[in-house]
Every structure is written in C-alpha cells, then in structure tokens.
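Here is the structure we will look at.
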Amino acid sequence: MTDAPEYIPGLAGVPAARSSICLIDGSVGKLQYRGYPIEVLAERCSYEEVAYLLVFGRLPTTTQLDEFRNQMIAERGLKFRIIDLLKTLPESGEPMDALTAAVAAMGMFYKGDHISDPEFLRLSVIRLLAKVPTIVAAWDRIRKGDDPIKPSTELGHAANFLYMLEGKVPTSLAVKVFDVALILHAEHSMNASTFTARVTGSTLTDPYAVVASAIGSLAGPLHGGANEQVLSTLDGISDRSANGIRRWAEDRLARKEKVMGFGHRVYKVKDPRATILQGLATQLFAKFGSTPEYDVAVELETQMADLVGGKGIYPNVDFYSGIVYQKLGIPTDLFTPIFAISRVAGWLAHLLEQLEGNRIFRPTQIWVGEADRAFVSMDERS
Ligand code: SDX
C-alpha cells in the first residue's frame with residue numbers, strides 16, 4: 001500500500017493525544033504542569049496542591065485545598081482484606097508487584113455504577129491518591145514482619161508517608177525535600193506509564209485497573225525502575241578518580257550498554273528535575289553529611305557530557321533522586337514505588353482527559369509475516 005503510514009519504533013515523536021496537562025520542551029529543558037513552570041511549583045506548592053492542579057486543571061483556593069486534603073486524609077486507610085492480601089505475598093517479592101496487586105484488588109471494594117459517573121470517578125481519584133502511599137508503607141512493614149502503621153490524620157501527604165514508613169514524625173527538612181521530590185515526579189506528559197494509563201482507560205475499565213496497569217509499566221528499568229539502579233551503578237565504579245570514572249564510562253559506552261539515569265526520549269539537555277533534585281541532595285548533606293556516591297555522580301555527569309553530550313544524552317530525573325531518597329533513609333527498592341506514589345496524580349489527570357473525548361486506542365501494524373500458507377500436518381513437519 002503506497003499510503004500506509006510509516007512505522008515509528010516506540011512511537012517516537014508520534015502524538016497519541018491532544019493534552020493540556022503537561023508541556024515539555026526537551027530542547028531547552030522546559031517543564032510545565034498546566035502551564036506553570038516546574039521550578040515555581042517546586043518552590044511554592046505542596047504535593048497536594050500540585051495533584052489538585054493536575055487533576056482538576058487549576059490551582060486550588062485555600063478552601064478547595066483544605067477540603068481536598070481532608071478528603072485524602074479520610075481515605076488514607078486500607079480495607080483489612082487488602083492488608084491480609086499483602087500478608088499473603090512473599091516478603092522477598094518486588095514492592096512494585098505488591099503495589100500492583102493491592103491496587104488492582106482495591107477496585108473490588110469500590111465497584112461504581114460506571115466510569116461515566118462523575119462522583120464514582122472523583123472518589124476513585126481521591127482514594128487512589130490517598131491509598132497508594134499507605135499500601136507502599138504497609139508493604140514495607142509487613143515484609144519485615146511488623147504491623148502496618150496507621151496513617152496519621154494530622155500530617156500532610158509527604159510527612160504522612162515518611163511517618164508510616166519510619167514510625168516517627170519526620171523532620172521539617174525531610175518533609176520539604178520529600179514533598180518537592182513528589183512534585184517533580186508527579187507528571188511528565190506521554191511517558192510509557194501514562195500512555196499505558198490512557199490506553200487502559202480508553203477501554204472504560206475502572207480507574208483501579210488503569211492505575212494497576214500503569215504501575216506495571218513504570219516498574220521497567222528503562223522507565224521508573226532506573227532510579228533503583230543508579231546507586232548500584234555508582235557503587236560499581238571502583239576507581240573513583242576522574243580518569244577512573246572516565247574509563248568506566250568509555251568502557252560502558254563501547255559495549256553499547258546504557259548508563260542508568262542518563263538519556264531521555266524528549267530531553268536533549270539536562271532534565272530540569274535532575275537539577276532541582278541535585279539541589280535537594282546538597283541541602284540534605286548540610287544536615288546529614290555528604291554521600292560518597294554524590295561526588296562520583298557529579299564526576300560521571302561531567303565525563304558523560306564530554307563523551308555523549310553531543311548526542312543529547314544528559315542526566316534525567318532518575319540520576320540524583322536515589323541519592324536524595326537514600327539520604328532520607330528510604331530503602332532502595334522503594335525508590336520506584338515512590339515514583340508511583342507521585343505519578344498517580346499524572347496518571348489520573350490523563351485518565352480524566354482521555355475520558356473527555358474518548359476513542360479506544362487501537363493502532364495498526366505493518367505486516368511483515370507470510371500469508372495464506374498451506375497447512376502442514378504433524379507427520380509432515382520437520
Ligand atoms: C524516565 O518518557 C519520560 O518522560 C520518562 C520519565 C518520566 O518522568 O516519566 O522522564 C522517567 O523514565 C526517565 C528515563 C529513565 N531511564 C533510564 O535512565 C534508563 C537509561 N536511559 C535509556 O534507556 C534511554 O535514554 C531512554 C529509555 C530513557 C530513552 O530511550 P530512547 O529515546 O529510545 O533512546 P535510544 O535507546 O534509542 O538511544 C538513542 C541513542 C543510542 O545510541 P545509538 O544506537 O544511536 O548509537 O542514545 C544512546 C543509545 O545507545 N543512549 C544511551 C543512553 N540512552 C540513550 N547510551 C548510554 N546510556 C544511556 N543511558
């Protein structure tokens with residue numbers, strides 16, 4: 001067929017929606033949520049405020065934010081059967097798998113009339129935003145043989161997660177840093193897990209199944225799973241001199257192996273989120289002491305810029321996030337679940353936008369196989 005559309009691997013550069021949620025200009029490192037620059041939101045807002053902006057499309061008034069916060073606090077708790085489900089899972093299992101299982105099961109308790117019911121949708125949004133952090137923290141406690149810590153009814157979203165994880169009220173610095181990290185990871189236009197959410201949502205399945213599918217997509221090492229691998233990458237560099245780090249990078253690139261935390265489909269300069277996360281890391285060092293991996297990371301960034309900066313390969317959001325989370329005392333295998341805790345706001349914003357003018361996703365393919373083949377019976381096959 002002469003007019004067959006061209007096949008683009010990974011749909012690179014192919015629009016999958018018309019959206020007003022997140023604007024990215026990867027050539028200059030611009031990132032905006034609903035038109036507001038990420039730097040301003042990170043500096044001036046809380047995660048709750050940004051989640052409201054993403055989902056409802058405007059910054060909340062004080063009254064709207066208080067009501068939203070109270071609704072989320074009221075929905076933080078988990079059904080006891082969800083906790084029982086988590087207790088049946090192997091404690092050595094991946095936290096992202098536990099999260100997928102629990103979120104999918106949540107939907108069994110909240111079967112709405114139909115996804116076209118605005119009240120069902122609104123409640124689902126609140127419940128998912130509020131309960132995903134509780135599931136992650138509960139899983140971490142249960143796998144260690146401890147009982148989950150009941151969510152606070154007083155603390156904010158970021159502080160409550162750290163409290164449920166540690167069992168003590170976090171410092172104001174830890175809360176501020178973690179809150180900014182949640183803001184930075186909340187949304188990023190048509191990334192793989194958000195595209196997954198839109199495809200799943202386009203079939204009119206329930207929001208819990210949509211988020212469970214997006215969590216599965218985020219878990220992959222080329223996407224959200226990279227943040228867990230960056231620290232082990234940095235730890236794996238034995239010669240930490242500038243020359244040693246350069247040789248390590250040259251060897252890796254020569255073997256065509258990806259360096260975790262670098263590169264991006266859209267950004268061809270340093271990810272603006274990486275810059276902000278780098279600043280958060282240094283804020284923590286002043287209080288909690290430096291991290292040896294940080295110096296290695298900064299030198300690796302310098303060497304990689306010299307080696308592959310010309311190809312537009314620079315640090316992405318995952319390169320410094322792990323150093324921040326490690327400094328906050330968060331276990332490495334919870335880094336990606338934390339990405340999910342934050343990104344659930346973006347997934348839900350895109351689900352609502354998809355439903356506004358929905359058409360089920362069903363792309364085509366370019367046939368490269370054989371057709372109309374004569375059947376071969378078993379005794380004739382070699
Ligand atoms: C996230 O999409 C989003 O917005 C995602 C995200 C979000 O907020 O949702 O920003 C979050 O997922 C960040 C990315 C985290 N993943 C990693 O850090 C894994 C390492 N990065 C790469 O796998 C890669 O850069 C991707 C997956 C991020 C992007 O892949 P692309 O756009 O498909 O690029 P590619 O794999 O086709 O690479 C193009 C070239 C290749 O070289 P050539 O074959 O052309 O010579 O760039 C090279 C690649 O080898 N390259 C890298 C590299 N990333 C790309 N080489 C070494 N190390 C890397 N990290």
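When Gly310 is evaluated against the numbered criteria (1) within 23 Å of Trp248 (Cα to Cα); (2) within 15 Å of the ligand (Cβ to nearest atom); (3) surrounded by 13 or more Cβ atoms within 10 Å (Cβ to Cβ), which criterion, by number, is the only one it fails?
The one condition Gly310 does not meet is (3).
Go through the stretch 319-329 and give me each residue that's in contact with a Gly (Cβ under 9 Å, 6 or more places away or on another chain) and open to solvent by less than 10 Å² (accessible area, probe 1.4 Å).
Phe319, Tyr320, Ser321, Gly322
Taking the residues in the stretch 220-259 that are touching a Ser or Thr at 6+ places or on another chain (Cβ under 6 Å) and small (Gly, Ala, Ser) as candidates, determine which candidate is farthest from Ala340 (Cα to Cα).
Restricting to residues being touching a Ser or Thr at 6+ places or on another chain (Cβ under 6 Å) and small (Gly, Ala, Ser), the top hit is Gly225.
Please identify the pairs in which a residue from the stretch 256-270 that is farther than 13 Å from Pro315 by Cβ has its Cβ atom under 6 Å from the Cβ atom of a residue that is more than 6 Å from the ligand (Cβ to nearest atom), counting only partners at least 6 apart or on another chain.
Partner pairs satisfying both residue conditions: Val266/Ile24; Val266/Gly26.
Could you grab me the full set of residues in the stretch 218-251 that are near the ligand (Cβ under 10 Å from one of its atoms), open to solvent by less than 50 Å² (accessible area, probe 1.4 Å) and assigned to a helix (DSSP H, G or I)?
Residues satisfying the conditions are Leu218, Ala226, Asn227, Val230, Thr233, Ala249.
Looking at Ala4, Ala101, Ala74 in this structure, which one is more than 16 Å from the ligand (Cβ to nearest atom), open to solvent by less than 90 Å² (accessible area, probe 1.4 Å) and closer than 18 Å to Trp139 by Cβ?
None of the other options fit; the residue is Ala101.
Check the stretch 330-345 and report whether any residue there is in contact with a Ser or Thr (Cβ under 9 Å, 6 or more places away or on another chain), of a type outside the set (D, E, K, R), more than 16 Å from the ligand (Cβ to nearest atom) and not assigned by TED's automatic domain parsing to the domain that holds Ser46.
No - not one qualifying residue is present in the stretch 330-345.
For the stretch 1-58, name all the residues that are outside any loop (DSSP other than H, G, I, E, B) and among the basic types (Lys, Arg).
Lys30, Arg44
Being surrounded by fewer than 15 Cβ atoms within 10 Å (Cβ to Cβ), near the ligand (Cβ under 8 Å from one of its atoms) and outside the structural domain of Val180 (by TED's automatic domain parsing) is true for just one of Lys256, Lys287. Which residue is that?
Only one candidate passes the filter, namely Lys256.
Can you name the residue in the stretch 259-275 that is part of a helix (DSSP H, G or I) and within 13 Å of the ligand (Cβ to nearest atom) and, of all such residues, is surrounded by the fewest Cβ atoms within 10 Å (Cβ to Cβ)?
Pro272
The values are calculated or read from the model by the stated rules, or taken from the named source; none is laboratory data. Just so it is clear, the model here is predicted, and its values are computed rather than measured. Positions of Cβ are backbone-derived with ideal geometry, glycine not excepted, and every protein chain shown enters the neighbour counts. When the accessible area is computed, the model is the full protein with side chains, heavy atoms only, and any ligands, DNA or RNA have been set aside. Shrake-Rupley method; radii C 1.70, N 1.55, O 1.52, S 1.80 Å.
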